[in-house]
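Just below is one structure, and these are the notes that go with it.
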Amino acid sequence: MNRTIGLLGGGQLGQMLCEAANPLGIKVVILDAENSPAKQVNAKAEHIAGSFVDSEKIRELARQVDVLTVEIEHVDTHVLEVIAEMGIEVTKKDGSKYYKKVEVQPSWRTIRTIQDKFIQKDHLLQHGIQVAYSTPATENTIAELQRIGKDLGYPFMLKARKDAYDGRGNFPVMSPPDIKKALEVLNGRELYAEKWAHFKMELAVMVVKTEDAQTTDSSSTISYPTVETIHEDSVCKIVYLPPRTIPKKIQQQAQALARKAVGSLWGKGVFGVELFLLDDGKLVVNEIAPRPHNSGHYTIEACPTMSQYKSQILSILGIMPPFPNNTIPAVVPSAIMLNILGGASKTSHDEVIRQSIAIPSAALHMYGKESKPGRKIGHITVVAPTLHEAETLISPLITLIGNIRA
Ligand code: ATP
Ligand code: MG
Ligand code: MG
């Protein structure tokens with residue numbers, strides 16, 4: 001129980017992880033910039049100021065902790081591999097050296113597979129999990145993208161293979177004239193393209209993995225409920241628990257598929273699985289995050305004794321309790337999560353804060369981040385006896401946030 005967690009990245013996911021770790025008496029040491037959101041809620045002298053892609057800083061963190069984990073997948077996995085396989089060299093006061101064992105959870109192999117979206121898709125396909133048909137761009141030229149356009153048809157989604165988040169790395173190519181702009185926007189990045197997924201709904205499922213090995217045995221994965229997610233310009237905007245219009249059976253199929261996908265990976269932890277429910281009724285995986293996820297914020301209020309953040313802590317420490325039917329139930333019938341994105345000015349969202357506080361069943365989470373246009377700076381979760389009531393409560397806030405959009 002008294003093992004210390006080292007966290008690569010100190011953004012809002014790390015902040016909410018620390019908020020879950022504090023009451024458990026579990027220490028989290030963070031590697032990220034000074035005053036990052038996670039550091040703001042977790043005063044520790046040991047925190048390291050620096051970047052989670054800096055191998056020396058990652059080693060420095062490893063020396064102080066027992067388990068390393070991530071709140072972002074865009075980290076240096078080579079140093080994580082060495083640490084996981086060999087341990088970390090520590091110098092004692094007398095000058096002698098020894099190798100200290102440090103776990104990396106989830107495995108560096110999982111983080112490396114996921115951080116390149118094309119490799120991730122290939123991995124999923126090889127494990128029998130359907131994804132949108134994808135093809136790599138061999139070079140960033142108009143001719144190559146025209147070739148891809150002929151292969152996939154239009155529209156197609158051009159994506160950066162690495163360092164993508166919140167749609168920063170996606171460009172929808174609606175027709176051949178868009179290709180030039182797409183190459184300008186994604187300039188210099190390694191690219192691949194996905195066939196356009198015609199979906200009727202986007203779904204997401206948080207899954208906890210409790211064993212190190214890859215598994216097809218469903219006893220070592222635990223799933224949260226299926227939620228519906230709404231994205232605008234490739235950025236998550238709203239999450240509905242339960243999904244608004246789909247039958248229970250599809251929700252269960254989504255949970256089963258998400259558990260299968262996470263079972264194909266290595267190591268322990270919490271994973272966010274994004275899915276498309278296609279027009280023809282088929283479910284395919286969009287992508288997996290090897291960490292807590294925006295679509296799982298609702299668990300703080302809907303699963304208050306086992307949020308996705310608490311699950312991450314307990315699973316990486318190997319102390320996750322069992323759950324009947326390997327599912328973590330929501331204790332409220334419905335919830336809606338709404339992201340707050342920065343508006344045109346630094347104070348554009350002040351009214352959103354004021355109105356959220358005035359709703360007794362709304363939980364406001366501001367991340368302590370400087371507001372910038374389009375940046376995720378907070379979220380609100382409303383809980384209610386019915387989805388209809390939750391919608392009524394949140395709808396003025398959706399309008400307000402829509403109005404401040406930069
Ligand atoms: P995240 O913040 O979730 O990590 P990301 O930058 O990794 O986002 P994706 O998840 O790849 O981006 O895509 C973001 C959104 O763009 C999806 O949720 C979906 O709405 C849309 N999208 C992605 N791929 C496709 C596709 N092949 N066809 C149609 N829409 C797509
Ligand atoms: Mg992503
Ligand atoms: Mg995504």
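Listed values, structure above:
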item: Flag if R259 is away from ligand 1 (no atom under 15 Å from the Cβ), farther than 24 Å from V70 by Cβ and out of contact with any Leu (no Cβ under 6 Å at 6 or more places or on another chain); result: no
item: Residue among E60, E46, E56 that is among the acidic types (D, E), part of a helix (DSSP H, G or I) and either surrounded by fewer than 16 Cβ atoms within 10 Å (Cβ to Cβ) or within 23 Å of the chain's Cα centre (by Cα) (or both); result: E56
item: Answer residue from the stretch 240-288, given it is of a type in the set (S, T, Y) and not in a strand (DSSP E or B) and is nearest to ligand 2 (Cβ to nearest atom) among those; result: S264
item: Cβ pairs under 9 Å, 6+ apart, first in the stretch 156-170 and of a type in the set (F, W, Y), second within 6 Å of ligand 1 (Cβ to nearest atom); result: F156/E194; F156/W196
item: Odd one out for G14, checked against (1) in a loop (DSSP other than H, G, I, E, B); (2) within 20 Å of M366 (Cα to Cα); result: (1)
item: Matching residues in the stretch 149-187 - criterion: being modelled with pLDDT of 95 or more, within 17 Å of T135 (Cβ to Cβ) and either among the aromatic types (F, W, Y) or within 13 Å of ligand 2 (Cβ to nearest atom) (or both); result: Y154, F156, M157, K159, A160, R161, K162, G169, N170, F171
item: Strands (runs of 3 or more DSSP E) completely within the stretch 124-206 that count 3 or more residues being touching a Gly at 6+ places or on another chain (Cβ under 9 Å), near ligand 1 (Cβ under 9 Å from one of its atoms) and within 29 Å of F271 (Cβ to Cβ); result: 156-160
item: Total residues in the stretch 386-406, condition over 15 Å from M337 (Cα atoms) and at pLDDT 95 or above; result: 0
item: Flag for E190 being within 16 Å of ligand 2 (Cβ to nearest atom) and over 21 Å from the mean Cα position of the chain (by Cα); result: yes
item: Identity of the residue in the stretch 335-376, in a strand (DSSP E or B), at pLDDT 95 or above and crowded, with 21+ Cβ neighbours inside 10 Å, that ends up farthest from the chain's Cα centre (by Cα); result: A362
item: Test for I119: is it touching a residue at least 24 places away in the same chain (Cβ under 8 Å), part of a helix (DSSP H, G or I) and surrounded by fewer than 20 Cβ atoms within 10 Å (Cβ to Cβ); result: yes
item: Among (1) more than 16 Å from ligand 3 (Cβ to nearest atom); (2) touching a helix residue (DSSP H, G or I) at 6+ places or on another chain (Cβ under 9 Å), the one test that I114 misses; result: (1)
item: Positions within the stretch 289-317 being over 25 Å from G378 (Cα atoms) and either in a loop (DSSP other than H, G, I, E, B) or within 16 Å of ligand 2 (Cβ to nearest atom) (or both), in sequence order; result: L317
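The values are calculated or read from the model by the stated rules, or taken from the named source; none is laboratory data. It should be emphasised that the depicted structure is a prediction, and the values quoted were computed from it without experimental measurement. In this analysis, Cβ positions are derived from the backbone assuming ideal geometry, glycine residues included, and neighbour counts consider all displayed protein chains.
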